[in-house]
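The values are calculated or read from the model by the stated rules, or taken from the named source; none is laboratory data. Keep in mind the model is a prediction, meaning the values are calculated, not measured. Quick reminder, even Gly has a Cβ in these numbers, built from the backbone with ideal geometry, and neighbours come from all protein chains shown.
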Ligand SMILES: [Zn+2]
């Protein structure tokens, strides 16, 4: 079972999720860390000394992504400012993050920002041998071509739509 779904949460946990929803991704500030799907859980756990502590589990988007440390720091700062000093941020490495974890709200935000969201189908085995189509976020055309492997950040590739001729970034972290 992949623990990707957010379970029914208590009010105090919901409040922490609200704080996290306001923490932007450093590379694509239009997305929050919750939109990215990297927050695995929010829960209070009792430590060995009997003290109940807030734990937030996060999964790095991909190893070597310099944004991970920044994200960790942003989350810690936001929690501190909202009165959750001493919150523990756990790194959850398994299962690894995939762009399928991007929420639907996150996908819509990417599109309205002019970035094509990652195509869901690429991680499904039967699609492995099919070239995946990157859809233009402006006109929705599938007639697009890759201009370069790297866009404004290593997570994005640069594409151009051959229908409306607009260039755009494709979020390719998988
Ligand atoms: Zn287009």
Next item on the list: For residues that are touching a residue at least 40 places away in the same chain (Cβ under 8 Å), closer than 18 Å to residue 155 by Cβ and surrounded by fewer than 16 Cβ atoms within 10 Å (Cβ to Cβ), tally how many sit in region 93-102.
Entry: 0
Item checked: Residue that is farthest from residue 98 (Cα to Cα), among those in region 142-159 that are exposed (fewer than 15 other Cβ atoms within 10 Å of the Cβ) and within 10 Å of the ligand (Cβ to nearest atom) -> 143
Note to self: Just the residues that are in contact (Cβ under 8 Å) with a residue 24 or more places away in the chain and in a strand (DSSP E or B), please, taken from region 46-76.
What the structure shows: 53, 54, 55, 56, 57, 58
Margin query: Given the criteria outside the structural domain of residue 23 (by TED's automatic domain parsing), modelled with pLDDT of 85 or more and either on the phi > 0 side of the Ramachandran plot or part of a helix (DSSP H, G or I) (or both), does residue 107 qualify?
Written below: yes
Next item on the list: Return the only residue of 128, 174, 93 being away from the ligand (no atom under 15 Å from the Cβ) and at pLDDT 85 or above.
Entry: 93
Next item on the list: Being crowded, with 20+ Cβ neighbours inside 10 Å and within 21 Å of residue 83 (Cβ to Cβ) is the filter here, so list the residues in region 35-52 that pass it.
Entry: 39, 42
